[in-house]
1. Just to be sure I understand: of the beta bridges DSSP finds with both ends in the chain, what percent are antiparallel, rounded to 5?
2. Just need the relative contact order of the chain here, percent rounded to a whole number, with Cα pairs under 8 Å and 6+ apart.
3. How large is ³J(HN,Hα), in whole Hz, for each residue of region 336-351 in order, when computed from phi with the Karplus curve 6.51 cos²θ - 1.76 cosθ + 1.60 and θ = phi - 60°, using x for Gly and Pro?
4. I need the fraction of alpha carbon pairs in region 285-343 separated by more than 20 Å, rounded to a whole percent.
5. Counting other beta carbons within 10 Å of each Cβ, put Phe40, Phe83 in order, fewest first.
6. Just Leu42, Leu192, Leu144 to compare: in a GNM of the chain, with alpha carbon springs under 10 Å, which one fluctuates most?
7. Could you pull out every residue, at least 5 positions away or on a different chain, whose amide H is within less than 5 Å of the one on Val79? Hs are placed 1.01 Å off N in the peptide plane, and Pro or chain starts have none.
8. Calculate one ³J(HN,Hα) per residue across region 40-53 by plugging θ = phi - 60° into the Karplus curve 6.51 cos²θ - 1.76 cosθ + 1.60, and present them in order as whole Hz with x for glycine and proline.
Amino acid sequence: MNAPALAVDYVKASTKPAIKVNRLAFLRFERPDLDLAERFLLDFGLVTVHKSEQDLYLAANTGSSWCYHIKRANQARFVGLGFDCESLSDLEKLALSQGQSVEQGCELGDYHRVTLTDPNNFLVEINFGFRDANYQLPRAAANLNHSNATPRINALHDFAASPSPLLKLGHVVIETAGYQETVTWYTQILGLIPSDTQVLPSGEPIVTFFRMNRGDIPTDHHTVAIAHTFQAAFSHAAFETVDIDAIGAGQQWLRNQGWHHAWGIGRHILGSQLFDYWSDPWGAHHEHYADGDVFTADYPMGISAASAQAMSQWGQVMPSEFIKPKLTLSTIMTLLKNLRKHPDLTLKKLAAIAKVMT
């Protein structure tokens with residue numbers, strides 16, 4: 001079987017998903033130090049909407065609903081993520097199909113939710129009534145002069161270093177040892193559809209970018225990306241900002257505050273976003289992006305070769321910290337456990353992934 005045929009066989013949309021989500025609503029983490037977490041996230045551009053001794057809630061901007069929840073805990077970990085759906089009846093059908101019940105959520109406002117667990121033991125909450133409010137960004141996107149058009153006349157740019165103004169939580173990337181099982185779950189349960197998949201020379205897909213199925217309504221190139229590795233892990237979360245000046249001024253601000261820069265600025269190939277990545281105090285990557293691609297549901301899936309170089313059109317090649325895991329006794333034990341547990345995870349495949357990505 002040739003590579004494209006193999007990839008299409010592995011990665012495809014579900015014809016009858018349990019539900020079709022329409023927004024990535026929030027992320028949940030646990031951290032031992034809420035003050036330190038808050039300081040990084042405020043410098044990154046988020047805004048605090050509620051804080052107590054045990055919980056911290058942040059939003060992308062002052063008018064939107066919270067999109068980031070941190071609970072105080074002894075160990076830092078990624079807990080899960082939440083999505084919105086179109087209607088309460090859709091949520092009730094999902095609950096019935098999964099043997100669950102619709103719960104009443106009451107975090108900073110009432111909403112309805114169904115809580116599931118994905119194959120990686122991440123919590124996945126599907127909500128109705130959890131909505132963004134109208135909001136005003138700190139500024140409009142920059143009015144740029146080009147060689148063939150100069151709309152900005154007798155006006156000066158002024159983009160001093162400052163936290164990046166954010167529009168929304170855009171996407172999340174998760175790593176998994178059970179790639180096929182995870183891909184099937186997110187397509188069949190949430191109705192996500194593949195935009196692009198990256199494959200090994202054998203044709204086996206190892207990274208797939210999924211968007212929401214909103215019919216003729218354009219949606220981001222990816223809302224969830226799933227990458228095949230030896231363990232389940234949070235890779236990064238991405239937040240849309242207004243333009244490249246917001247990314248650049250935000251980068252300078254974060255540098256000035258002493259935070260760890262991970263990768264960027266560059267432009268991705270798949271999704272075309274301008275990007276810049278930063279690490280929080282526990283090593284979790286957070287991305288600023290702007291100018292991303294959007295597609296309707298009928299756009300076909302793309303297939304391309306996986307490599308570190310294939311992650312950007314220009315800019316720095318993906319650094320090793322995004323690719324090479326830290327080898328500890330714990331990670332070695334996890335590897336051995338997952339080799340026994342997941343039939344699509346083999347040492348041969350891991351060696352092939354390491355070869356193409358480095």
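Read-outs throughout are calculated quantities, based only on the coordinates presented, and are distinct from any laboratory measurement. The structure displayed is predicted, hence computed values, not measured ones. Note that each Cβ is placed from the backbone with ideal geometry, even for glycine, and that neighbours are counted across all protein chains shown.
1. Values: 59 of 83 bridges.
In the chain, DSSP labels about 70 percent of beta bridges as antiparallel.
2. Working: 801 pairs, mean separation 62.6, N = 358.
Worked out over the chain, it gives 17 percent.
3. Ordered by residue, 3J(HN,Hα) equals 4, 4, 6, 4, 7, 7, 10, x, 8, 10, 9, 5, 4, 5, 4, 5 Hz.
4. On the way: 985 of 1711 pairs.
Distances greater than 20 Å cover 58 percent of the Cα pairs.
5. Numbers: Phe40 21, Phe83 24.
The most exposed by this proxy come first: Phe40, Phe83.
6. Maximum fluctuation in the GNM of the chain, among the listed residues, is at Leu144.
7. When sequence neighbours closer than 5 places are left aside, the close amide H contacts are Arg28, Phe29, Glu30.
8. Along region 40-53, the couplings run 5, 5, 5, 5, 6, x, 6, 10, 6, 10, 6, 8, 9, 5 Hz.
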